[in-house]
1. Return the residue satisfying two criteria in turn: it lies in segment 102-115 and is within 14 Å of the chain's Cα centre (by Cα) and aliphatic (A, V, I, L, M), and of such residues it is farthest from Leu135 (Cα to Cα).
2. Among (1) at pLDDT below 95; (2) crowded, with 17+ Cβ neighbours inside 10 Å, there is one condition Val196 misses while meeting the rest; what is its number?
3. For the list (1) out of contact with any Leu (no Cβ under 6 Å at 6 or more places or on another chain); (2) surrounded by fewer than 17 Cβ atoms within 10 Å (Cβ to Cβ); (3) assigned to a loop (DSSP other than H, G, I, E, B), I need the number of the one condition that Ala112 fails.
4. For the condition over 26 Å from Ser129 (Cβ atoms), at pLDDT 90 or above and outside any loop (DSSP other than H, G, I, E, B), what is the one hit in Ala36, Ala22?
5. Under 8 Å by Cβ, and 6 or more places apart or on different chains, what pairs join a residue from segment 29-44 that is farther than 18 Å from Ile62 by Cβ with one that is not in a helix (DSSP H, G or I)?
6. Return the residues of segment 81-108 that are surrounded by fewer than 17 Cβ atoms within 10 Å (Cβ to Cβ) and of a type in the set (Asp, Glu); say none if nothing qualifies.
7. Just to be sure I understand, how many residues within segment 162-178 are buried (at least 20 other Cβ atoms within 10 Å of the Cβ) and under 22 Å from the mean Cα position of the chain (by Cα)?
8. I need the full set of residues from segment 60-80 which are in a helix (DSSP H, G or I), hydrophobic (A, V, I, L, M, F, W, C) and surrounded by fewer than 17 Cβ atoms within 10 Å (Cβ to Cβ), in order please.
Amino acid sequence: MTVRLKQIAVAAAALMMSSGVAQAQQQSESYKFLQAVRDSKGDDVLKMLNQPGSRIINTRDIGTREGALHIVVKRGDATYLRFLLQQQADPNLRDGDGNTPLALAVNGGQAALVDILITAKANVNLGNSRGETPLILAVQRRDVGLARTLLAAGADPDQPDLLAGMSARDYAHDDKRSSIMAKLIDETPKKPRRAVSGPKL
């Protein structure tokens, strides 16, 4: 190997090493941030968020893909949820199953958290990896109050999921044990569905 090739090889190895170190540091910072959120260590969280150029607010767990909002919603922490949203946390961030914080709040029956997320412009029609929207989840829970809140915020009762191709309206009518939900959904008229545009011949 010539001297020039050796120099290139050494430079490439150094570059790879520094890139790996930077990535490990970022992962380490992300881990520390999410752990501080899990442990409710407000001072540590604030310190990390206040670092110049920090973009850590929407970092996600390597395994679960959960962000800070998912963590605080799961524990029903309205105060922390408001704080993170004020720090520009993305209310539509998805975890490994495609669930948004709003979907988790609905699944947990957390009406107060649903209100906070809707106020923060959470997308009420964003489905998870199975296509289940927050409204579908509310219907499946037979939670009339949450369904009413979501409908008032613009939830589409006719958006189908990906597994069964059924919408919140379909699930409500399919459930013979809860006619109240079907009546509530039927108060929301069907919107005309736009045809999918294809190539013009």
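The values are calculated or read from the model by the stated rules, or taken from the named source; none is laboratory data. Fair warning: this is a prediction, and the values are worked out from it, not measured in the lab. In this analysis, Cβ positions are derived from the backbone assuming ideal geometry, glycine residues included, and neighbour counts consider all displayed protein chains.
1. Ranking the candidates gives Leu113 first.
2. Single failed check for Val196: (2).
3. (3)
4. Values: Ala22 fails: at pLDDT 90 or above.
One residue alone meets the criteria, Ala36.
5. Cβ pairs passing all conditions: Ser40/Asp77.
6. Within segment 81-108, just Asp97 meets the criteria.
7. Number satisfying all stated conditions: 2.
8. Ala78
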